[in-house]
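Notes follow once the structure below has been shown.
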Amino acid sequence: MVQARAQGAAEVSVQHEDFDVGAEIARLGEGRRDVGAVASFVGLVRDANEGSGVRAMTLEHYPGMTERALEEIVEQAKARWSLLAVRVIHRHGRLEPADRIVFVGVASAHRGEAFAACEFIMDYLKTRAPFWKCEETPQGARWVDARESDDSAAARWEGSGSQAADGDDWDDIELRR
Amino acid sequence: MTSKVKILYFASLREAVGCSGEELDLPAGVATVGALRSHLAGRGEGWQALAAGRNVRAALNQKMAAPDTALDGGDEVAFFPPVTGG
């Protein structure tokens with residue numbers, strides 16, 4: 001029943017190039033008449049973090065696994081909500097303040113599902129997609145530490161809905177030792 | 001049948017160990033991701049970044065893995081710090 005996107009159109013892209021937010025949002029409802037809501041999120045590079053200035057950041061990732069992890073998150077979102085179209089774009093490489101980092105767009109019949117799925121995808125992406133940020137600050141380069149608040153944001157989706165599991169493994173390597 | 005595994009290191013862990021990857025003949029007795037991690041940590045110096053208690057994640061063939069995940073020749077194993085994308 002649900003034909004996710006026009007044939008050949010990728011749901012997930014990992015790229016250095018910037019993206020066109022307006023065009024991506026428009027594409028989510030293109031060529032169909034059943035979309036009643038499109039929710040989207042855009043993440044940008046901030047010029048400050050943890051009390052110091054950020055001149056630029058370099059995003060490293062794990063080619064191959066990154067795409068697979070994002071695709072899996074999209075599949076999990078589709079299993080939880082009735083979604084008509086999904087688009088995730090994540091950039092890598094060197095980015096400067098105000099540059100776009102990530103785009104998540106979700107189309108559904110009603111807004112509730114679009115809002116929820118968009119937030120779910122971002123929360124899971126933050127804790128499950130293999131990207132790492134290295135910031136350039138006046139004190140030198142530093143790797144960004146994972147945040148506890150991101151773990152709890154992702155955790156609140158668990159226990160409801162279908163299978164959020166298997167991401168649990170992220171902590172196991174420490175917990176089980 | 002090969003007993004070689006491909007190992008990848010990312011981000012701060014890559015910098016700590018001083019390389020982005022290697023091929024390794026699985027040493028005798030190393031049959032899980034956790035055992036491989038302990039073996040590598042035993043190399044000393046920067047490899048201490050893989051020691052028990054350090055915040056390290058692992059993937060086997062591009063899927064998140066637990067310490068008891070079994071290893072086989074031809075596998076791709078990756079070690080990295082907790083992710084910080086988005």
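Rule-based calculations on the coordinates, nothing more; no lab input. The model shown is predicted, which means the values in this text are computed figures rather than measured ones. All Cβ positions, glycine included, derive from the backbone under ideal geometry; neighbour counts span all protein chains shown.
Calculate the mean, over all residues of peptide A:144-156, of how many other protein chain Cβ atoms lie within 10 angstrom of the residue's Cβ.
Taking the mean over all residues of the peptide, I get 2.
Calculate the mean, over all residues of peptide B:57-68, of how many other protein chain Cβ atoms lie within 10 angstrom of the residue's Cβ.
6
Taking the mean number of other Cβ atoms within 10 Å as a proxy for protection, how do you rank B:21-31, A:129-139, B:76-86, B:48-58 from highest to lowest?
B:76-86, A:129-139, B:48-58, B:21-31
About the Cα centre of chain A, how large is the charge dipole given +1 on each Lys and Arg Cβ and -1 on each Asp and Glu Cβ? Please answer in debye to the nearest 20.
480 debye
From the cross-link list A:Lys78/B:Lys6; A:Lys126/B:Lys63; B:Lys4/B:Lys63, which pairs have alpha carbons spaced over 27 Å apart?
Correct reply: A:Lys78/B:Lys6.
Could you put A:Val45, A:Val21 in order, starting from the residue whose Cβ has the fewest other Cβ atoms within 10 Å?
With the fewest neighbours first, A:Val45, A:Val21 line up as A:Val21, A:Val45.
Quick one: dipole size for region B:1-81, taken about the Cα centre, charges +1 on Lys/Arg Cβ and -1 on Asp/Glu Cβ, in debye to the nearest 20.
220 debye
Among residues other than B:Phe10 whose Cβ falls under 11 Å from its Cβ, what is the net charge (Lys/Arg +1, Asp/Glu -1)?
Taking every Cβ under 11 Å from that of B:Phe10, the sum is 0.
Just flag the trypsin sites (Lys or Arg not before Pro) in region A:7-49 sitting in loop per DSSP whose Cβ has no more than 14 other Cβ atoms within 10 Å.
Sparse-neighbourhood loop trypsin sites (Lys or Arg not before Pro): A:Arg32, A:Arg33, A:Arg46.
Evaluate peptide A:118-131: per residue, the Cβ atoms of other protein chains within 10 Å of its Cβ; return the mean as an integer.
3
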